[in-house]
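Report on one structure; see the data block that follows.
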Amino acid sequence: MPKLTLSMDNETIALARELAAASGVSVSNMVARMIHAMKRPPLGKIRIGPIARRASGLIRMAPDEDERETLADALIDKYESSK
């Protein structure tokens, strides 16, 4: 496999080694994963399937409503009623 040499300051090298060790991978593998992740299309440009497309927009939220809060309330209602 070909080699690639990168130049970084000592602090960045130490951080890269620490992050790779915490993930249980080599620094080379971690860098390769990051490069492949950057190659993926941004979330906003992912094409959705026909079922999801039809379902999107079915629910309108008021401008002052928070999506996370609404979801949390729905989950609380769902699991409290199943007790």
Any pair with Cβ under 8 angstrom, 6 or more apart, that starts in segment 51-63 at a residue that is among the polar types (S, T, N, Q) and modelled with pLDDT of 80 or more and ends at one that is loosely packed, with under 10 Cβ neighbours inside 10 Å and not in a loop (DSSP other than H, G, I, E, B): none
Scan segment 6-17 and give yes if some residue there is outside any loop (DSSP other than H, G, I, E, B) and loosely packed, with under 10 Cβ neighbours inside 10 Å, otherwise no. yes
Failed condition for A37, given (1) in a loop (DSSP other than H, G, I, E, B); (2) loosely packed, with under 10 Cβ neighbours inside 10 Å: (1)
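The values are calculated or read from the model by the stated rules, or taken from the named source; none is laboratory data. Treat the numbers as computed from the prediction; the structure is a model and nothing was measured. Virtual Cβ from ideal backbone geometry, glycine too; neighbours counted across all protein chains shown.
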